[in-house]
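Asks: Before I ask anything, here is the structure I am working with.
The values are calculated or read from the model by the stated rules, or taken from the named source; none is laboratory data. Not measured: the values here are computed from a predicted model. Reconstructed Cβ throughout: ideal geometry from the backbone, glycine too, with neighbour counts over all protein chains shown. All accessible areas refer to the heavy atoms of the entire protein, side chains included, with ligands and DNA or RNA removed. Shrake-Rupley method; radii C 1.70, N 1.55, O 1.52, S 1.80 Å.
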Amino acid sequence: MHGPVPAAWLLVALCAATGAYCLLRMRSGVEEQRRAAGGEALMGFGMAVMAVPAAVFTPPRWAWPVYAAVFGAAALRALWTARAARHHLHHLVGAAAMAYMAAAMAAAPPGAHHAHGGTGVPVLTGTLLAYFTGYVLLAGARLVPAAVAVAGAGGGPAGWGDRPELARACRLSMGIGMVAMLLTL
């Protein structure tokens, strides 16, 4: 999942900042927002760890199955919560994609550098890439009207956890990160 070193560090920074903001969103007064922010924080920090350049840190072989199990459990949780809120289906796809990428890395031959590609299933990788590309385009289109609407609302100041435009920007940045990671798988 590692591309050129400067791009990898930018991806680490983007994902870590997104994860940190999602932790702030967990302070929201709305339970559903806190729940979604927790899953998104896990995704952001998990993506940041997976994007660290191999020249700096190469996880031990046992770490990839652990990552796959953690994100597999997150996918099951998202599947369970999707019964009540449809937007958790996106969390399900994201967590499943992370589990898939970790499983692909666990299945890679020992000593193989993952930037050379070929570790994932091309059809599944392509399907996930198409999904996240579409998601990024749709989320980007939705972000502009949200920022304009909030600026013109004139209500009281919203807390960091209750700003819908920032939550959308957070999801957009994670979608961009997912596209970058899938491209280098």
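Asks: Which FRET efficiency value, to the nearest 0.05, do you get for residue 123 and residue 89 by plugging their Cβ-Cβ distance into 1/(1 + (r/R0)^6) with R0 = 25 Å? Provide the component values of the computation, followed by the final result.
Replies: Details: r = 20 Å, r/R0 = 0.82.
My answer for the efficiency is 0.75.
Asks: Between residue 55 and residue 76, what FRET efficiency comes out of the Förster formula 1/(1 + (r/R0)^6) with R0 = 41 Å and r the beta carbon distance, rounded to 0.05? Don't jump to the answer; show the numbers that get you there.
Replies: Details: r = 34 Å, r/R0 = 0.83.
About 0.75, to the nearest 0.05.
Asks: Another question about this same structure. Of all chymotrypsin sites (Phe, Trp or Tyr not before Pro) in the range 13-67, which ones are in loop regions per DSSP and have a Cβ with at most 11 other Cβ atoms within 10 Å?
Replies: Counting only loop positions with at most 11 other Cβ atoms within 10 Å, the chymotrypsin sites (Phe, Trp or Tyr not before Pro) in the range 13-67 are 57, 62.
Asks: Note down the net charge around residue 78, summing +1 for each Lys or Arg and -1 for each Asp or Glu among other residues with Cβ under 14 Å from its Cβ. Write down the numbers at each step before the final one.
Replies: On the way: positive: 35, 77, 83, 86, 171; negative: 32, 40.
That works out to +3.
Asks: How about the range 1-37: which trypsin sites (Lys or Arg not before Pro) there lie in a loop by DSSP and see at most 13 other Cβ atoms within 10 Å?
Replies: Here the sparse-neighbourhood loop sites are 27.
Asks: Taking a probe of 1.4 angstrom, what is the accessible area of residue 183 in Å², to the nearest 10?
Replies: 120 Å²
Asks: Between residue 69 and residue 7, 0.36 nm times their residue separation minus their Cα-Cα distance comes to what?
Replies: Going from the current span to full extension adds 19.6 nm.
Asks: Also, quick follow-up: Largest first, how would 80, 64, 9 line up by accessible area (1.4 Å probe)?
Replies: Final ranking, largest accessible area leading: 80, 9, 64.
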